[in-house]
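One structure is given below, represented as structure tokens, and several questions about it will come after.
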Amino acid sequence: MPTPTSNGHASRMQIQEPRIMSPLPPSSSPFAFKEQQGRPPPTTQQTIAGKLFRTLFKGLLFSQLTLISLLVIVLTIRGLISASTHHFHLKKWYPPLLASVAVSGIASLAWQCIFIYNPSRAVKATFWLSPILTCSVGILLVLIGSAVDAGIGAVFVLFAITQSLYGCWITPRLEYTDKILSLATAFPPARTREVVCLSIIVSVVYSGFLVTGIGGATSTRTNLDILFISVIIISLAWTMQVIKNVQQVAISRARYVNFAHGEDMDAWNAFRITMKHLTGSICVGSTLVPIIVFIRGSIRSVNLMSGSSDEVMYSGADCFSTIANKLITLGNRWGFVHVGTYDKGFMEASSDTWKKFRSTTGLEKLIDSDLTSSFCFLSAVSVGAVSSLTAGIWMLLIHKDYALEVTLYAFIIGYFVGRVGLAWLQACVLAYYVAYSEDPQSMRFDGTIPQRIQRLQMLSAHRDNRELEVGRDREEDSYNNC
């Protein structure tokens, strides 16, 4: 990736210039990388069960890729043969969707260029552009005309409104987000661009391949075909997660070396080693993280709605918070850094990284409120919306009957391609936080994180005092009424 030249925050960062990786004595580093041997040495004795678990998931990945490929080939051939008898217009269905897949790849690359050369504007633009594009997709679906289309379009509009409200709520945190993203991505590892471009190309090609199978199943439209399409979409989602996390592990490993030890590691070598040795753990993480994030997000939503006015609701919210705190130690995205760095199993890596966060005062709360994941999510939603608008408008003009399904497929594919394209950015931030948690006093880090922790502690203390005053006022009012 080209080095951003207009990055004001990064220039204040006390970090050594990248230099060629040199052998380190065992005492100077907990993880002296052995690039020549092809894999990072494990720091703990791996259990037989852990190895079997990772091998199982690795086998599951390649098995589903093989089976899905065969299914797609069969469905494509069957669709081509039966298209004329079922009045399925191949030339009207395929071009808009395949074009939208290509647009998603182009949009992902373009969005990265915008971020690299102006991170601050890219961060701010994401939080207002994503609602606008999402709302546009909703309006497009409403214009299709049917009740089902209008209902799904209303969901998109509601999603856009939610994004807008969220953007207003997190506005005070944007300045810190801009700083941490600028610091973490100031000096990307060598050959990061090659890794990112390869990941996007693979995701675009694979998505286009699956589209041919979806089209083949759509041509006959039986109940069994609906099942086939569902299986293909699930396979797409998991495979895209794996592609994203492979890149995330490789880049975070290379970036961690610089943050923790001031050394430089080639991103392409890290990517090659990750593919060869760490796929099993990545598959486990790619399965657990989305599930845990969904459950934890639901719990946090319940806690926000419950408030503290009702004792039963408050005790239930406290119970849910305990569950959420336990789940985050079983699987979190920061664990991918230790997967790549120490060759740990994913659950062990997640537990160890979160323990490090908790051992540093205020860091757990800071990381829990970090907006990097929100930025990546909304950026991917923007890419998905652009892809969806491309396919939807095209289809609306030539064949309205296919507009809804093609628009939704384009949105899903565009979203996942967008996530793959931004994985390197999130990987840099993950590595920054993990390296900081292991040595907060290092001269390679400036005062951005300590100052933010201090700020959050002041806000928390102010909020607690205000709640205490409100509680006292309520008690006085109750006493006077009696």
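The values are calculated or read from the model by the stated rules, or taken from the named source; none is laboratory data. No experiment lies behind these values; they were computed from the predicted model shown. Heads up, the Cβs are rebuilt from the backbone with ideal geometry, glycines too, and the neighbour counts pull from every protein chain shown. Side chains are part of the model used for accessible areas, which takes the heavy atoms of the whole protein and leaves out ligands, DNA and RNA. Shrake-Rupley method; radii C 1.70, N 1.55, O 1.52, S 1.80 Å.
If I compute solvent accessible area with a 1.4 Å probe over the protein chains, what percent of it on the stretch 220-306 is carbon and sulfur?
The computed percentage sits at 71.
Another question, then. Please give, to one decimal in nm, the separation of the simple spin-label points placed at Arg173 and His277, each 7 Å out from Cα toward the Cβ.
The answer from the label model is 3.6 nm.
Any idea what log10 I(q)/I(0) is at q = 0.15, 0.23, 0.30, 0.36 Å⁻¹ for the stretch 152-191, Debye with uniform C-alpha scatterers and no solvent?
With one equal scatterer per Cα and no solvent, log10 I(q)/I(0) is -0.58, -0.75, -0.92, -1.03.
Taking 0.36 nm per residue of sequence separation and subtracting the Cα-Cα distance, how much length would be gained by fully extending the chain between Gln457 and Ala99, in nm to one decimal? Intermediate results must be reported in sequence, preceding the final value.
Values: separation 358, 0.36 × 358 = 128.88 nm, distance 4.94 nm.
Extending this stretch completely gives an extra 123.9 nm.
Where does the stretch 309-466 land on Rg/Rh, using Cα atoms and the Kirkwood Rh?
Ratio value, two decimals: 1.11.
Continuing with the same structure: Using every Cα-Cα pair within the stretch 115-196, state what percent have a distance larger than 18 Å.
Pairs farther apart than 18 Å: 57 percent.
Now, a different point. In nm, what is the difference between 0.36 nm times the number of residues separating Val293 and Ala49 and their Cα-Cα distance?
On the way: separation 244, 0.36 × 244 = 87.84 nm, distance 2.49 nm.
85.3 nm is the gain from fully extending Val293 to Ala49.
Per residue, how much accessible surface does the stretch 65-135 expose to a 1.4 Å probe? Answer in Å², no decimals.
Heavy-atom accessible area per residue stands at 50 Å².
Rounded if a/c is under 1.5, else prolate if a/b is larger than b/c, else oblate: which is the stretch 234-278, with a ≥ b ≥ c the root eigenvalues of its Cα gyration tensor? Provide the component values of the computation, followed by the final result.
On the way: a/c = 3.86, a/b = 2.37, b/c = 1.63.
Prolate, since a/c reaches 1.5 and a/b exceeds b/c.
Taking the mean number of other Cβ atoms within 10 Å as a proxy for protection, how do you rank 151-163, 237-249, 346-358 from highest to lowest? Let's see the in-between values first.
On the way: 151-163: 16.9, 237-249: 24.4, 346-358: 21.2.
Descending packing order for the listed peptides: 237-249, 346-358, 151-163.
Take the Cα atoms of the stretch 334-376, build their convex hull, and give its volume per residue in Å³.
Taking the convex hull of the Cα positions in the stretch 334-376, it is 70 Å³ per residue.
When only C-alpha pairs under 8 Å and at least 6 residues apart count, what is the relative contact order of the stretch 348-447, in percent?
32
Take the alpha carbon gyration tensor of the stretch 95-232, find the square roots of its eigenvalues, order them as a ≥ b ≥ c, and report rounded if a/c is under 1.5; if not, report prolate when a/b exceeds b/c, else oblate.
Values: a/c = 2.88, a/b = 1.35, b/c = 2.13.
The shape class here is oblate.
At a 1.4 Å probe radius, carbon and sulfur cover how many percent of the accessible area of the stretch 319-411?
With neighbouring chains kept in place, the figure for the stretch 319-411 is 63 percent.
Ranked highest first by the average count of other Cβ atoms within 10 Å around their residues, in what order do 209-221, 391-403 fall?
Result, highest mean Cβ count within 10 Å first: 209-221, 391-403.
On to the next question. Take the alpha carbon gyration tensor of the stretch 154-299, find the square roots of its eigenvalues, order them as a ≥ b ≥ c, and report rounded if a/c is under 1.5; if not, report prolate when a/b exceeds b/c, else oblate.
oblate
Kirkwood Rh, Cα Rg: Rg to Rh for the stretch 178-258?
Radius of gyration relative to Kirkwood radius: 1.19.
What's the FRET efficiency of Lys355 with Ser63 using the Cβ-Cβ distance as r and R₀ = 30 Å, to the nearest 0.05?
Details: r = 34 Å, r/R0 = 1.14.
Calculated transfer efficiency: 0.30.
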